[in-house]
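What follows is a set of notes on a single structure, which appears directly below.
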Amino acid sequence: MQQINRISKKEISTIMHHTGDVCLLLGIAILIPIIISLIYNEPQYIVPFLSAAIVTMLFGAISRKLFKKEGNMSLKVAMVFSTLIWLIVCALSALPYYFSGELTYLNAYFEAMSGFTTTGFSMYPNLDVVSYTMNFWRAFTQWLGGLGIIFLILALLRSTGADVMRLYLAEGRDERLLPSVKHTTRVIVYIYAGFTVLGIILFILAGMPVFDSIFHTFTALSTGGFGMHNTSVLFYNSVWIEIVAMIIMMIGATNFALHFTVIKGNWREYFKDIETKVAYSLIIISTILVTFMLLKNHIYGTGILENLRFALFQVVSAVTTTGLQTAFYPEILKQWIGLGLFLITLLMIIGAGSGSTGGGIKWLRFGILIKSMVWQVKSFILPGKAIVPKKIHHVSELNVTDDVLRLVGAFVFTYFMVYIASVIIVLLYYNDISQVIFEVASALSNVGLSSGLITASSPAVVKIVFIIDFWMGRLEIWPVLLLAFITIKNISRR
């Protein structure tokens, strides 16, 4: 037990060595926005990004030089590494914002964490005046974060053996498209890149400028939700652009294993899958209810199509955990209050598909919980010795064991405990409980839909709570709790 609670020097050395690998690749990524600064004649950003890249690569080179890889990672070490690397990557990715003088370091860290965790809250007070270079970096961090830091490392580096599988599991993934994890990661990268090209083309055809199309494809496909304007997608006031955005959001929120199955030609699997059934059931029911609420109160006039347009977009953005908006503060807080705000909050908590770029509890877990209610009721009705078959269809027919049910239940319970704790802390600084419940749900599920609560002038404690929620939500809580457990045990031992 003592060994489980500890991280040895050899394990720390392995973690730092791999951290060096990540930082070297991150340094290269930080150089890319310099190309944008040259294209759009924004030379003032060359030095901030170049300086940040140099610091990042120096840190990476030193880590690789001083620390050697000491054997294979255990699952515990892989989880600790995957947890810490998000903090380190965001700390270094915040440097361009900070070096440019546009954000304080805390706000820059908030922006970086919001980007890489594909959340979408922003510390920029006026998005309409943010430069092309910074907007590209904001969107690019979300595009990278959509796949996951560890995932990208597995796809790009020549790691083999046990480390690959444990790192893959450590970032909350357990489904493989191919027998090899290495090949699985590369296939998913190819699919992701293909959808990126598709999204850019569709946005351009819908009438969006080229740069804006690249930006919104990055943020919609990653279910990140950063916007280029204060009014997000509503800035374009185009039904066609909103339709494309919803299509790309749904693609990003769908399990990549299901995408792969459809691409191979087995499109019927898409409609048989439990996650598809959960997602579209939630969208249809919620859209009808929200449209009725908006229409009843004449929020967007008396026309059903206009109210349906606003209802559907917010519902899809919430259930895919994207955060692109066409309804804003104070409108969403005052006119959507009640049923509309409650349903959007609930959809954000339920979240997107497993094995996707989205966050939240996930459609799969929600589907299993609904099924478990049915199974439990059947067990009461049937004779004592009768066995209730517990099966779901998720890419293939799967048996749901009692261990799986316990794990799903434990995750949902833990998720709500973190959520409640966050709400309580934020309520110490803001007294509007409906607004706080909405914003914290958006943060923990990595959504980014905002009612205007969190801004650059918010208290530092609130920003830190949100940063932690972004982090925990993206890693699906368990790795962060493991790190906290090991840290507390080691501190108490001294």
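What follows draws every value from the coordinates through simple rules; no lab data is involved. None of these values were measured; they are calculated from a predicted model. Neighbour counts are summed over all protein chains in view; Cβ atoms, including those assigned to glycine, are modelled from backbone coordinates with ideal geometry.
Fewest to most neighbouring Cβ within 10 Å: what's the order for Asp21, Asp402, Asp273? Provide the component values of the computation, followed by the final result.
On the way: Asp21 18, Asp402 8, Asp273 26.
So the ranking, lowest neighbour count to highest, is Asp402, Asp21, Asp273.
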The stretch 395-494 - charge dipole about Cα centre, Lys and Arg +1 at Cβ, Asp and Glu -1, debye rounded to 20: 560
Structure-based [θ]222 nm, the chain - -39500 (n - 2.57) summed over DSSP H runs of at least 4, per residue, nearest 500: -21500 deg cm²/dmol
Relative contact order of the stretch 350-444, pairs being alpha-carbon contacts under 8 Å that are 6 or more residues apart, as %: 17
Within-13-Å neighbourhood charge of Gly224 [Cβ basis; K, R +1; D, E -1]: +1
Hypothetical label at Leu481: residues of the stretch 415-450 whose amide nitrogen lies under 14 Å (7 Å Cα-Cβ projection): 415-421
Separation between Cα centres of the stretch 437-494 and the stretch 107-150, rounded to whole Å: 17
Vicinal HN-Hα couplings computed from phi for the stretch 74-87 (Karplus, 6.51 cos²θ - 1.76 cosθ + 1.60; Hz; Gly/Pro x): 7, 4, 4, 5, 4, 5, 5, 4, 5, 6, 5, 5, 5, 5
Amide H contacts of Glu70 (H built 1.01 Å from N, under 5 Å, at least 5 apart or other chain): Thr14
Ascending count of other beta-carbon atoms within 10 Å, so fewest first, for Leu444, Leu305: Leu305, Leu444
The chain: relative contact order in percent, alpha carbon pairs under 8 Å with at least 6 residues between: 17
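Express the relative contact order of the stretch 388-494 as a whole percentage, based on alpha carbon pairs under 8 Å and six or more residues apart in sequence. Kindly include the intermediate steps, with their values, before the conclusion.
Numbers: 63 pairs, mean separation 20.6, N = 107.
Dividing the mean separation by the residue count of the stretch 388-494 yields 19 percent.
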Trp478, Trp336, Trp267 arranged by Cβ crowding within 10 Å, fewest neighbours leading: Trp267, Trp478, Trp336
Euclidean distance between Cα centres, the stretch 1-66 to the stretch 336-415, Å: 38
